[in-house]
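Data block below; observations after.
Taken together, the values in this text are just the output of simple stated rules run on the coordinates, not laboratory data. Given the structure is predicted, the values throughout are model-derived calculations rather than measurements. Positions of Cβ are generated from backbone atoms using ideal geometry, with glycine treated the same way; all protein chains shown enter the neighbour counts.
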Amino acid sequence: MNRTQFSKIINAINSILLPRVCFGCNAHLLDAEHLLCTVCRHDLPVTGHNFLKENEVDQTFYGRIRIKKAASLLYFSPTGTVKNLLHHLKYKNQELIGEFLGDWFGKTLKRQGHLKAVDYVIPVPLHPKKLKKRGYNQVDAFGKSMAKHLKAQFLGDALYKTANTRTQTKKDRLFRWKSSQNLYEPNPDYSLSGKKVLLVDDVITTGATIEACAKALSTVKAIEIYVATMAFVPKLGS
Ligand SMILES: [Zn+2]
């Protein structure tokens, strides 16, 4: 058994053994409740973004990279339920959270009907070493659920990460920023030219990761890039 298979089994056992408590307030969940209690779910800071009107995620990328349109489902804050959800999704093997958020956002976008006929949903990839360690890409379940609702194909390996960011932490900021711009490459096995793709990620903070991925994708001829993420960190004062 390799390490990835082992991690998958541990994840499955964890999700069975963990008690059904709310990720927001730790209250025991009712049978009809899923991951969050009704109160916490109702209190989640939903952005209300859609794919018609310009929003703060679009503004984050102005003058940086050509993205057709972007949107996030929730606002992220340093404390609170959204942070807790994303932490468990990323570090505690709770992949179901990604599925839950993708299902929610996918349904919402489908109902709004502004984002039309996406060909592919593409997640921000992890470096292979990190993927092996974590056992899963925390964005995959979200992307798969979104793809299902948007009737698009999920391509988990259409982008790949060529260097591990962690090895660069000691280098100076400018150097790190420059090298972060060349961390991703499109997979030559896929023909993305002329396609409409939805790039997905967990949270947008500075936008550097999405910028680097979109830059890599935009080397493909006539590609149209859209962005959807689980959460967005609002700028101070907004
Ligand atoms: Zn709760």
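Scan segment 219-238 for residues that are charged (D, E, K, R) and part of a strand (DSSP E or B) and the total you get is 1.
Can you confirm whether N55 is of a type in the set (S, T, N, Q) and on the phi > 0 side of the Ramachandran plot? Criteria not met by N55. The residue of segment 31-70 that is nearest to A208 (Cα to Cα), among those that are of a type in the set (G, A, S) and over 16 Å from the mean Cα position of the chain (by Cα), is G63. Taken as a whole, segment 105-115 holds at least one residue that is closer than 16 Å to A147 by Cα, free of Cβ contacts under 8 Å to residues at least 24 places away in the same chain, of a type outside the set (V, I, T) and assigned to a helix (DSSP H, G or I). Within segment 49-59, one or more residues are of a type in the set (D, E, K, R), over 27 Å from Q94 (Cβ atoms), touching a Ser or Thr at 6+ places or on another chain (Cβ under 8 Å) and crowded, with 16+ Cβ neighbours inside 10 Å.
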